[in-house]
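Down below is the structure, laid out as structure tokens.
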Amino acid sequence: MATAEGVLPALAPRRVALGWAFVERQTNLWKRYWAWELVWLVYGVVNTLAITFIAKEAGQTGLISARQVSRLMLFLLIGTLIWAYLSAVLDDMSLVIMWERWEGTIEHTLMTPVSRVVHLVGMSCFGIAHATVRTLLILACSLPFFDISFGHASWSGALAVLAVGSLSLVGLGILTGILPMLYPERGEQMSFMVQALVLLVSGVYYGVDVLPGWLQAVSRLSAATYMLRGIRAAVISGAGPGAQLGTLGLLALFGVVMVPGSLVAFSAAERWAKKTGRLKRQG
């Protein structure tokens with residue numbers, strides 16, 4: 001008879017393999033829909049250029065000095081790149097149910113003996129990898145248009161903030177993924193509205209201090225606010241991981257609360273959707 005000590009080590013590689021299977025599946029879907037990926041890549045590059053050129057315009061009209069132009073350009077570039085990363089992660093996670101509906105695999109996926117944690121972790125790994133590749137491509141396409149120096153950047157600080165902050169993004173993405181499951185006709189639109197709210201309050205293109213007081217209070221509830229603040233501090237001011245312990249602690253707290261909470265909420269929503277017959281419905 002197998003002992004618990006023998007079973008648990010055997011289960012771990014199997015769970016890793018099952019999680020990796022979802023990464024491979026989404027990668028194959030990504031290849032199949034490469035034209036859409038090209039569309040979003042072009043959109044990301046154009047959006048990055050359009051927003052960052054605002055700094056050049058401000059300098060040419062004499063509104064700010066040359067030194068301020070460089071800083072504003074870097075501020076806007078970081079904002080557009082991090083938003084490209086955030087939106088890609090949130091898209092992949094919030095559409096976890098919509099993907100299954102589009103492909104006609106929702107019954108196969110949600111009725112198979114695979115734990116929902118393994119399923120969602122696999123999807124999260126793909127989402128982070130996908131967002132990283134897309135953002136790096138946008139950066140590579142955008143840099144030739146601007147004269148930007150990264151001499152003061154602390155890449156270790158930026159990577160630490162990005163890594164810890166991505167956990168909270170995954171939690172938010174899973175929560176928004178519940179909406180298409182509960183509301184087949186309107187859930188997808190509702191998930192994009194959540195992204196719009198995050199864009200508004202998180203200081204992507206401006207500091208949150210310019211927002212009205214009540215929106216500044218809302219911005220404190222967005223992990224993206226602290227991600228942007230931390231990465232800008234690392235790249236613009238050279239703040240390393242040690243100088244950002246407060247930001248990293250807040251992001252870790254978001255992740256610790258949101259990831260388990262979102263997994264519990266997703267499982268509860270899935271059980272309810274199955275009982276009410278909403279999973280197979282098409283919007």
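No lab work stands behind these numbers, since they all come straight from the coordinates. A quick note: this is a predicted structure, and the numbers were derived from the prediction, not measured. Don't worry about glycine lacking a Cβ; one is built from the backbone with ideal geometry, like all the others, and counts go over all protein chains shown.
Fully extending the segment from residue 183 to residue 125 would add 18.3 nm, taking 0.36 nm per residue of separation and subtracting the current Cα-Cα distance. In the range 17-155, the C-alpha radius of gyration followed by the widest Cα-Cα span (Dmax) gives 19.1, 64 angstrom. Going by neighbour counts of Cβ atoms within 10 Å, the residues 65, 87 line up, fewest first, as 65, 87.
Each stretch of four or more DSSP H residues adds -39500 (n - 2.57); spread over every residue of the chain, this sum gives -27000 deg cm²/dmol at 222 nm.
Stretched out straight at 0.36 nm per residue, the stretch from residue 275 to residue 159 would grow longer than its current Cα-Cα span by 37.5 nm. With a cut-off of 20 Å on the backbone N, the residues of the range 89-114 near the modelled label site 7 Å out from residue 192 along Cα-Cβ are 89-103.
All other residues whose Cβ lies under 12 angstrom from that of residue 19 are scored, Lys and Arg at +1 and Asp and Glu at -1, for a net of +3.
Applying 0.36 nm per residue to the separation of residue 63 and residue 132 and subtracting their alpha-carbon distance, the gain on full extension is 21.4 nm. Computed from the Cα positions only, the extents of the range 88-192 along the three principal axes stand at 52, 26, 20 Å, in decreasing order. With only the Cα atoms considered, the range 120-262 has a convex hull volume of 136 Å³ per residue. Charged neighbours of residue 225, selected by a Cβ distance under 15 Å, balance to +2 (K, R count +1; D, E count -1).
Where does the chain land on Rg/Rh, using Cα atoms and the Kirkwood Rh?
Numbers: Rg = 20.5 Å, Rh = 20.3 Å.
Computed over Cα atoms, the ratio is 1.01.
Here r is the Cβ-Cβ distance between residue 252 and residue 143 and R0 is 35 Å; the resulting FRET efficiency, rounded to 0.05, is 0.65. All other residues whose Cβ lies under 15 angstrom from that of residue 88 are scored, Lys and Arg at +1 and Asp and Glu at -1, for a net of -2. Would you mind classifying the range 196-262 by shape? Square roots of the alpha carbon gyration tensor eigenvalues, ordered a ≥ b ≥ c; an a/c under 1.5 is rounded, otherwise it is prolate if a/b is larger than b/c and oblate if not. The shape class here is oblate. Normalised by the number of residues in the chain, the mean separation of alpha-carbon contacts (under 8 Å, six or more apart) gives a relative contact order of 25 percent. Taking θ as phi - 60° and the Karplus parameters 6.51, -1.76 and 1.60, the scalar couplings of the range 183-197 work out to 10, x, 7, 10, x, 4, 5, 5, 5, 5, 5, 4, 4, 4, 5 Hz in sequence order, x denoting glycine and proline.
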